[in-house]
Each structure stands twice: as structure tokens, then as C-alpha cells.
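Notes for the one structure printed next.
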Amino acid sequence: MNTERSEKLYVKAQSLFPGGVNSPVRAFGAVSGDPIFIAKGKGARLWDVDGNEYIDFCCSWGPLIHGHVHPEVMRKVEEVMHLGTSFGAPTELENQLASLIIDNNRMVDTLRFVSSGTEATMSAIRLSRGYTGRNKILKFEGCYHGHSDGLLVKAGSGLATLGTASSAGVPAGYARETIVIPLADEGALQEAFKQHGQDLACVITEPLPANNGLLRQDPAYLRLLRELCTKAGTVLIFDEVITGFRLGFEGAAGYYDIIPDLVTYGKVIGGGFPVGAYGGKQEIMEQIAPSGPVYQAGTLSGNPVAMAGGLAQLSLCLQSGFYDHLAARTREFCERITESARQSGFPFSVVSEGSIFFLSLNEMEPPKAAHEIDPAAIKLFSEWHRLLLEEGVYVGPSGYEVCFLSSAHTDEDLDQAAQGIQRSLERLFS
Ligand SMILES: *Cc1c(COP(=O)(O)O)cnc(C)c1O
């Protein structure tokens, strides 16, 4: 594989950006080799600046549920773009995208558009504090909710104790407002509510955690969480930045039939443009300025071009049978690559839910918490990733990242990818 031009661009980028990138994982720190610079995409395919072609299972980390440059998304975006790119005033497109969501999603009475998933979770947390008049929040180890200060926190020592910062630059006082407990641990959850329930403004969780492998939770555990929040008067926030409009139009909340108080969206909602949103129960949402006292604003919020992208993309998702079909194709693909790897005797497993799947270089039961993922498999992944690229298969550059299927992945794409994956495994284990 010739990567000469990518290498040159990366050298230049290192003089321009810290670590040469604008988001850390892109630096390929967890895998061998340097980052690949992308030139273009179409459907499920990507081309890098050296002309190498890949089948893309990263899909921009999830947003591109219909693949790259989908004709209907492009048509709508171009139409709107020529009328002006930003006004800082309301447009009808915001109403249209919001109506499309609210009319087809029981989790959302009203919502507010922002420009990223981080902004959505940060704002939902501020809102929950404003609404409850409480300060503490609870999150789970292994869930990612963006990079706002109070969320870059890891567990302190002991069960249900106050958190400590996991990034430089986060004041200890801030981190102490966040309690971190392990996932899938009923005892820890009960204990946290016993100790802190009356001080908890919110619990924030990914109902299907997908940022540290794919950590399927027991629906009974999620129902317990719902119950404890209701009893304590704590706002339950489902962070559906990855699962929203991906697992179904009602996200994981609809999938498990559990109604949170607030929900956050990002990724798929914007059709590949920077869009996030938070929404939920009317009674809570009306605390947001200007109707209420909790301040939150954005110069480019509800940007018309981004709204157009979201509108086109989500309209396609509402076509009858869309999610079932995509999930069935994903399941078939996952079964096929697992079968073929196992026949060759390679340690390999795939966990999938809907159109999200997680590849692991070991034989394992589906994990419920990040610590159940074998570090040895992650280590092996760093080498495997380069072989996958060489075989024309593009996945996120870390063994903890999940993959996505899009509606643009054709049978031919999947045949080719399955062969590429099998060949890469043969090379890895030879
Ligand atoms: C990606 C992600 C975020 C952060 O969204 P950004 O748009 O990257 O700020 C937050 N929560 C979850 C669950 C995510 O997957």
C-alpha cells in the first residue's frame, strides 16, 4: 500500500495542530502506522489521497447512516446552501427537522438544536441541575459523553465515591460533583442512590454503551435505573449521540422501551454536518432560556445547511422497514465473517446490535462492562488495523471502537469486505 502523500500531509499537519490532528483518535495512537488522509467518499467507499480504496465501516464515527454523498442528502443540502449558509435567525428548516423528530419519537416533547454531541450532553446536564436545584451527577465507567469538564472524570477509590479528573485542566472541585460507578453493577447503583440520591441532579448514561466496545446492558438493569431516578427525583438522561436514529428512530430508548426524562442526540441527526440536540419532557425543557432561567445559546445552532442534511437523512430513515432491514443485513454480515474466521480456527468474535457491531480478536461472551474486554485482544488489534487497511477495509483506529453499517453498503461491498477481513486475519495469524 502506497501512503506517501498521507505521510507528507501528516508531517505538515504536525506543525499545524497538536499531535497533527483536530481530534485525538485520528492520530492512530492506538494502532500501527500513520493516519490516512481521506480525499473523498461515495456510498460505502472511501479513497485516500494516495488513491487507495476502502470499504468504510467507520462512517465518520456513525453519522453517515446512508453512506457518503447520498444523492438525496446532497440535493437537499445544495438547494438550501445556495440560499445562504447562516442567518443567526430562525428558519423554517429548524421547524421541519424538529417536527419530523417530535412526530416520530415519543422521547421528545420539545428540543433544542446545538452543534455537537458534547454541547448536547453539557447542556442537558446544566438543565438537569437548573431544574432540580441539585449539583451532583452520576455517570458510568466506560461510557463517553463528550469532553465537557464534568464528564472527563474517572471513578475515585471505592464504590460510589466522588470522582477525580481524567484530564489535565479539570478542577478537582468540578470532578467531585461527578460520581462514577461501574456499568452493569446493581449493587453499586443501589449504593450510589442510597448515598447520594437526594443530591443527584441527573444520571447520564449510554443506554447501549458503544464507546468502549459494544456493552449491551440488561434491560432489567436499565429499568431499575429508571425506577431509582423516578423515586429520587433525579433526571434520567439517555445519551443517544451514537444510538439515536441509529438503533431506530427512537434510538435505544425506543429499542428497550424505557422513557428517559431527557435525551441527547448528535452524529446521525445532522446527516454528516455538525448538529446535536437535547430534548425530552416539556416540563424540564421549558426551563431553558428564553422561556426559563437556564442559559444556553449558539451562533450557528440550527444552521440551515446542517438542518437540510439532517432533514434529508432522517426522512430516509423513516421509510418503512428501514431499521429492520439494516439490522438484518448487519447480523448476516457479522455471522458470515465470524463463521469464516472460526472455520480457520482464528480467535474472533463480533457483538452486534442493530447496525452497530464490534470486532474482537478473541472468543468472548458479549461484554457488559469495558473491563471485560481482554487487553490482549486490544493489543493485537493495533497490528490488525494496518492489515485491514491494506486489504481495503476501513474501521476506527482503536480496538475499542465500534463499526457501523450504512444503507449504502451493497452486497458487493460486503462480499469484498468479508474477503478482506478474512485475508487480514490469515495474515495476522500466519
Ligand atoms: C460521540 C459521542 C459524544 C460526543 O459527541 P461530539 O459530537 O463528538 O461532541 C457524546 N456522547 C456519545 C454517546 C457519543 O458517542
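A few points about this structure:
- Subset of the range 111-136 (residues that are away from the ligand (no atom under 15 Å from the Cβ) and of a type in the set (S, T, N, Q)): 128, 132, 135
- Residue-level check: of (1) closer than 20 Å to residue 149 by Cβ; (2) more than 16 Å from the ligand (Cβ to nearest atom); (3) of a type outside the set (Lys, Arg), residue 193 misses just (1).
- Test: residue in the range 225-236 that is touching a helix residue (DSSP H, G or I) at 6+ places or on another chain (Cβ under 9 Å), within 29 Å of residue 311 (Cβ to Cβ) and within 11 Å of the ligand (Cβ to nearest atom): no
- Residues of the range 124-167 satisfying the condition of being closer than 23 Å to residue 400 by Cβ, assigned to a strand (DSSP E or B) and over 21 Å from the mean Cα position of the chain (by Cα): 164, 165
- Number of positions in the range 29-75 that are within 16 Å of the ligand (Cβ to nearest atom) and surrounded by fewer than 23 Cβ atoms within 10 Å (Cβ to Cβ): 3
- Options 352, 340: the member that is assigned to a strand (DSSP E or B) and away from the ligand (no atom under 16 Å from the Cβ): 352
- Given (1) assigned to a loop (DSSP other than H, G, I, E, B); (2) out of contact with any helix residue (DSSP H, G or I) (no Cβ under 7 Å at 6 or more places or on another chain); (3) more than 15 Å from the ligand (Cβ to nearest atom); (4) not hydroxyl-bearing (Ser, Thr, Tyr), index of the condition residue 170 fails: (2)
- Test: residue in the range 174-192 that is within 25 Å of the chain's Cα centre (by Cα), over 27 Å from residue 358 (Cβ atoms) and without any contact (Cβ under 8 Å) to a residue 24 or more places away in the chain: no
- Count of residues meeting criterion [farther than 22 Å from residue 271 by Cα and in contact with an Asp or Glu (Cβ under 9 Å, 6 or more places away or on another chain)] in the range 394-415: 1
- Residue list for the range 388-412, filter: touching a strand residue (DSSP E or B) at 6+ places or on another chain (Cβ under 9 Å) and either part of a helix (DSSP H, G or I) or surrounded by fewer than 17 Cβ atoms within 10 Å (Cβ to Cβ) (or both): 388, 389, 410
- Residue selected from the range 95-110 under the condition buried (at least 17 other Cβ atoms within 10 Å of the Cβ) and more than 16 Å from the ligand (Cβ to nearest atom), by the criterion farthest from residue 313 (Cα to Cα): 108
- In the set (1) hydroxyl-bearing (Ser, Thr, Tyr); (2) surrounded by fewer than 23 Cβ atoms within 10 Å (Cβ to Cβ); (3) at pLDDT 95 or above, residue 166 fails one condition alone, (3).
- Boolean, residue 141 is crowded, with 16+ Cβ neighbours inside 10 Å, away from the ligand (no atom under 16 Å from the Cβ) and among the acidic types (Asp, Glu): no
- The numbered conditions (1) assigned to a strand (DSSP E or B); (2) farther than 26 Å from residue 251 by Cα are all true for residue 55 except (2).
- Of the numbered criteria (1) farther than 15 Å from residue 111 by Cβ; (2) within 15 Å of the ligand (Cβ to nearest atom), the one residue 263 fails is (1).
- Yes/no for residue 363 being part of a loop (DSSP other than H, G, I, E, B) and surrounded by fewer than 18 Cβ atoms within 10 Å (Cβ to Cβ): yes
- Within the range 201-311, strands (runs of 3 or more DSSP E) holding 3 or more residues that are out of contact with any Cys (no Cβ under 7 Å at 6 or more places or on another chain) and not β-branched (Val, Ile, Thr): 276-280
The values are calculated or read from the model by the stated rules, or taken from the named source; none is laboratory data. These numbers were taken from a predicted model, which means no experiment stands behind them. Counting neighbours? That spans all protein chains shown, and the Cβs are built from the backbone with ideal geometry, glycine included.
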